[in-house]
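Following: one structure in structure tokens, then a few remarks.
The values are calculated or read from the model by the stated rules, or taken from the named source; none is laboratory data. Since the model is a prediction, treat every value here as computed from it, not as a measurement. Cβ: placed from backbone, ideal geometry, glycine included. Neighbour counts: every protein chain shown. The protein model used for the area step is the full one, side chains on, heavy atoms only, and it has no ligands, DNA or RNA in it. Shrake-Rupley method; radii C 1.70, N 1.55, O 1.52, S 1.80 Å.
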Amino acid sequence: GCVCVEASIMSVFESKKEGRVLRHDPQKLASVIFLKDVAGSAAAQGSLWAGPNTGEELKAVYAMGDDVQSQRQFPVWLDLMSGRNHMVVGMASTGKTTLMQTLVMSFATRYSPAAVQMYILSLSSRTLGHLSQLPHVGEIIFAGEADELRRLLRLLEEEDERRKEIFA
């Protein structure tokens, strides 16, 4: 299965660019947009792990933006090296799982497993379970897996200490 961004998610997407609020018109969007069709994604370029893999950037395409005034569409990137924290929240059936699938697949097609390792907490359903097949996914922890969650937190603490020693 190919991961896609549903048009209903795109219809509520808003972005500020050059002082304008850009909104998607759901009537003009395809019902499904496949990652391979998103300009700028590694899947569209036909090569896996085409990202820089240098540690200088960590970006993933997750949507197509729509600049109505200029009559153009453009890829919308999530930049994890921007120095900001990121959280995905929303009511039930608003596209959180679809967004997470899209981001994971975008990172996995752009960067090698040596450059990106993902650990996923999926506390409401097992829908993201299929992503465990990717070499980039270290583990997916579901609701009720307390031992696995403790093990992941211990791993993160150890990695944090290791990096403090390296970069001290």
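Tell me, please, whether a residue that is at pLDDT 85 or above and closer than 11 Å to Y62 by Cα can be found in segment 79-88.
yes
Looking only at segment 53-107, how many residues end up being in contact with a Phe, Trp or Tyr (Cβ under 9 Å, 6 or more places away or on another chain) and of a type in the set (V, I, T)?
3
Could you say whether any residue in segment 130-143 is under 19 Å from Y62 (Cα atoms), hydroxyl-bearing (S, T, Y) and in contact with a strand residue (DSSP E or B) (Cβ under 7 Å, 6 or more places away or on another chain)?
no
Starting from segment 70-90, take each residue that is within 21 Å of L123 (Cβ to Cβ) and list its partners that are basic (K, R), counting only C-beta distances under 6 angstrom and pairs at least six apart or across chains.
The qualifying pairs are V88/K96; G90/K96.
Of the numbered conditions (1) surrounded by fewer than 16 Cβ atoms within 10 Å (Cβ to Cβ); (2) modelled with pLDDT of 60 or more; (3) part of a helix (DSSP H, G or I), V104 satisfies every one except a single condition; which is it?
Condition (1) is where V104 drops out.
Which of the residues belonging to segment 110-153 are surrounded by fewer than 16 Cβ atoms within 10 Å (Cβ to Cβ) and of a type in the set (D, E)?
D147, E148
Give the residues of segment 85-101 that are open to solvent by 30 Å² or more (accessible area, probe 1.4 Å) and either aromatic (F, W, Y) or within 22 Å of V137 (Cα to Cα) (or both), sorted by residue number.
N85, H86, M87, V88, V89, K96, T97, L99, M100, Q101
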